[in-house]
Structures are given as structure tokens and as C-alpha cells.
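For reference, the structure is listed below as C-alpha cells.
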Amino acid sequence: MKIAVLGDRDTALGFRLAGAHEVYPFDTDSLELERLRNKIDELIGREDIGIILITEGLAQRIEIPDVTFPIILQVPDRSGTNYGEESIKGIVRRAIGVELKR
């Protein structure tokens with residue numbers, strides 16, 4: 001299974017330098033956001049993609065499809081995170097279908 005990364009240009013460059021194979025940079029203008037939506041739909045339809053990482057900044061600008069596969073995770077961008085520990089726990093619960101204890 002492959003991991004696809006969708007993010008701003010700086011984050012995308014970082015993942016590309018770290019060795020990620022499928023990295024797609026996007027800006028936040030309206031044309032780019034439409035391209036982002038199309039890319040997410042394309043990646044969801046591919047059987048070789050297991051995880052889609054999208055930066056929080058981009059994820060806040062579009063509606064993320066509610067799918068169980070591939071797993072779609074939001075990662076912080078250069079401005080830091082907007083989510084706390086509870087949000088991460090919720091993502092994990094949804095992804096693995098198990099209730100986590102505190």
C-alpha cells in the first residue's frame with residue numbers, strides 16, 4: 001500500500017525530500033481547491049493507496065469524504081496544528097473501529 005501526500009508547497013517538498021513517492025502540492029486559491037477535490041476522489045478510487053495525508057490548512061478549506069478506506073489523516077503544516085489529542089484519538093477510533101481508554 002502507498003501513502004499519498006496532499007499539502008501546501010513547503011509541506012509537499014518536505015515529504016518529497018523524506019522519500020514519499022506520491023506527493024501533490026496545492027495552493028489555496030479556488031482553482032487549486034477544485035483540483036484538490038478531484039485528486040482526492042482519484043486517490044480514493046485507487047486500490048494501491050492505503051493512506052492519504054492532507055495538511056490541516058487544505059483540509060479546512062474543503063469537505064473531506066467520509067470513507068473507511070483509504071484512511072485520510074490530517075497532518076500539521078508549517079503553521080502548526082489546529083487539533084489536540086482528542087481529535088487524534090477520534091481519528092484513530094474511526095480508523096481502527098476500537099474505543100480507546102483514557
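Values as computed for the structure displayed
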read-out: Vicinal HN-Hα couplings computed from phi for the range 52-69 (Karplus, 6.51 cos²θ - 1.76 cosθ + 1.60; Hz; Gly/Pro x); value: 10, 9, 10, 5, 4, x, 6, 4, 6, 8, 9, 8, 7, x, 8, 10, 8, 8
read-out: Placed amide H near V5: partners under 5 Å, 5+ positions off or other chain; value: E22, V23, Y24, L53
read-out: Under the Karplus curve 6.51 cos²θ - 1.76 cosθ + 1.60, θ = phi - 60°, whole-Hz ³J(HN,Hα) for the range 22-28, x wherever Gly or Pro sits; value: 10, 10, 10, x, 9, 9, 9
read-out: Amide N proximity, the range 54-81 versus M1 label position 7 Å along Cα-to-Cβ, cut-off under 14 Å; value: 67-73
read-out: Percent RCO, i.e. relative contact order, over the range 1-83, from Cα pairs under 8 Å lying at least 6 residues apart; value: 33 percent
read-out: For the range 2-96: span of alpha carbons on each principal axis (Å, largest first); value: 31, 31, 28
read-out: Pairwise label distance in nanometres, R94 with N38, each label 7 Å out on the Cα-Cβ vector; value: 2.6 nm
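Any read-out appearing in this document is the output of simple, stated calculations on the displayed coordinates, not a laboratory observation. These numbers come from a predicted model, not from an experiment. Virtual Cβ from ideal backbone geometry, glycine too; neighbours counted across all protein chains shown.
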